[in-house]
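Below you'll find the structure, written out as structure tokens, and then a few comments.
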Amino acid sequence: MHETLVKKVAISRAATLFSYFGLLLLLTAWHLVLSPPDNASPYSIWAFQTVPLLLFYPAILKKHLRGHIWLCFFITVYFMHSVNIAMSAHSSAMLGLAETLLVMTLFIAAMMFARWQSQLNKLRNSAPQNSTAKD
């Protein structure tokens, strides 16, 4: 059980990192290179979409469970935005679809990381108590 949980945590962590940095890269490429807006500053739109995500950077790198949980709550806004773009007849519909897939992956991976890491922490914390109780 312990080894399986460690593998699940590692996989969900890798998926979280991949989708988090993939989303940042996609938003950067989208707004600054691939399809910059015509009637607004691409840098302000880019900053408006990436800076809030960057606020979660320390929590993700330090593996804070609550940071991952709050990220899950927060990225629902990105999910609504990306689905709206993906379902429109706009020229950026494929970019919206790519964003939707990355956001879904990030949500699931961060949620599962928080769950499995929490279970692993409980398992590790209860192991020394069980061994001392037997003595």
Taking residue 13 as meeting all but one of (1) modelled with pLDDT under 95; (2) surrounded by 12 or more Cβ atoms within 10 Å (Cβ to Cβ); (3) of a type in the set (Lys, Arg), write down the number of the exception. (1)
Just one of the numbered conditions (1) surrounded by 13 or more Cβ atoms within 10 Å (Cβ to Cβ); (2) part of a helix (DSSP H, G or I) is not true of residue 43; which one? (1)
Test set (1) of a type outside the set (Ser, Thr, Tyr); (2) more than 27 Å from residue 121 (Cβ to Cβ); (3) within 12 Å of the chain's Cα centre (by Cα) - residue 89 fails condition number: (3)
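Working carefully through the options 17, 32, 5, find the one that is part of a helix (DSSP H, G or I) and under 18 Å from the mean Cα position of the chain (by Cα). Steps first, please.
On the way: 32 fails: under 18 Å from the mean Cα position of the chain (by Cα); 5 fails: under 18 Å from the mean Cα position of the chain (by Cα).
None of the other options fit; the residue is 17.
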Show the residue pairs that are 6+ apart or on different chains and have beta-carbon atoms under 9 Å apart, the first residue being within region 79-95 and of a type in the set (Phe, Trp, Tyr), the second being in a helix (DSSP H, G or I). 79/99; 79/100; 79/103; 79/104; 79/107
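The values are calculated or read from the model by the stated rules, or taken from the named source; none is laboratory data. Predicted, not measured: the structure shown is a model, and the values here were computed from it. When we count neighbours, we look across all protein chains shown, and the Cβ atoms used for this are built from the backbone with ideal geometry, even at glycine.
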